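Read the structure below first, then the notes.
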Amino acid sequence: MAWRSSGSSNESLINNLARNGLIESNRVKEAMLKVDRAHFAPYSAYEDSPQPIGHAATISAPHMHASACESLLTYLQPGSKVLDIGSGSGYLTAVFANLVGPIGTVIGIEHIQPLVDMGNTNMAKSEDGRRMLDSGQVQFVKGDGRKGWLEGAPYDAIHVGAAAAEHHKELTEQLKAPGRLFVPVAEGYLQYIYVIDKDADGSVHRKKLYGVQYVPLTDAPK
Ligand code: SAH
């Protein structure tokens with residue numbers, strides 16, 4: 001299904017994702033239409049596939065970005081606070097910002113400085129992006145995402161863009177009650193998307209969704 005969504009423009013890619021049922025809601029569609037993938041993907045920006053962006057990182061495939069937005073959508077309301085761990089290209093950080101704007105905030109965290117810089121540079125390619133950076137609506141920070149980012153906590157939604165080796169407790173601790181975490185977790189040689197809800201009473205519920213292939217959440221390179 002995925003490759004069939006590729007397009008010749010940002011608009012056709014997003015329309016194809018919607019037509020193929022990979023984008024379900026109008027809010028996600030509108031937010032993805034507002035962010036030109038060409039500002040974030042170095043080549044073949046409108047292909048529905050992951051691509052290398054340097055530093056052993058990849059920009060995830062558009063259908064995975066769509067799936068993350070759909071899964072977190074209840075917690076991506078105007079005014080929500082979001083943490084995007086392993087922000088890489090900054091693409092999904094920008095889409096989240098459109099979903100929670102203009103008063104919500106998104107922090108993208110990376111453990112490699114050139115990728116923090118890449119997020120900033122890519123965002124600054126559009127007027128909208130520059131406005132979001134200037135206002136503090138979007139911020140990219142450097143740190144080990146396995147520990148979340150305490151300075152900005154608690155969050156309505158946390159997205160993890162790399163596969164965790166375990167269920168890091170810091171991430172659920174930094175969720176609001178209610179709040180939701182979207183995280184790929186490695187189990188042996190396989191990886192699965194987990195959606196983890198913290199309910200209003202503080203109880204935590206894990207739901208295992210589907211198998212995926214992400215780059216791992218690791219120690220920073222020396
Ligand atoms: N959401 C990004 C995905 C980038 S790939 C995008 O679609 O563009 C995963 C990213 O996780 C890489 O950029 C990698 O540098 C980052 N990463 C890996 N381990 C990390 C860690 N411990 N802390 C923060 N970022 C990490």
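FYI, it's all coordinate maths here, none of it is from the lab. None of the values given here were measured: they were computed from a predicted structure. As a convention, Cβ positions derive from the backbone with ideal geometry for all residues, glycine included, and neighbour counts pool all protein chains shown.
When DSSP beta bridges are limited to those with both residues in the chain, what percentage is antiparallel, rounded to the nearest 5? So the antiparallel bridges in the chain amount to around 50 percent.
Ranked by the mean number of other Cβ atoms within 10 Å per residue, highest first, peptides 55-62, 153-160, 182-189, 94-101 order as 94-101, 153-160, 55-62, 182-189. Put +1 on the Cβ of every Lys and Arg and -1 on every Asp and Glu Cβ in the chain; which of L17, A45, G145 then has its Cα farthest towards the positive end of the dipole? Result: L17.
Between the amide H of E187 and those of Y192, distances stay under 5 Å, these residues lying 5 or more places away or on another chain, with hydrogens modeled in the peptide plane. In whole percents, the pair-distance distribution calculated for region 139-222 from its alpha-carbon pairs, binned every 5 Å from zero, is 3, 15, 26, 24, 19, 10, 3, 0, 0. Taking the simple approach of a point 7 Å from Cα along Cα-to-Cβ for both V212 and E24, what is their distance in nm? That separation, rounded to one decimal, is 1.6 nm.
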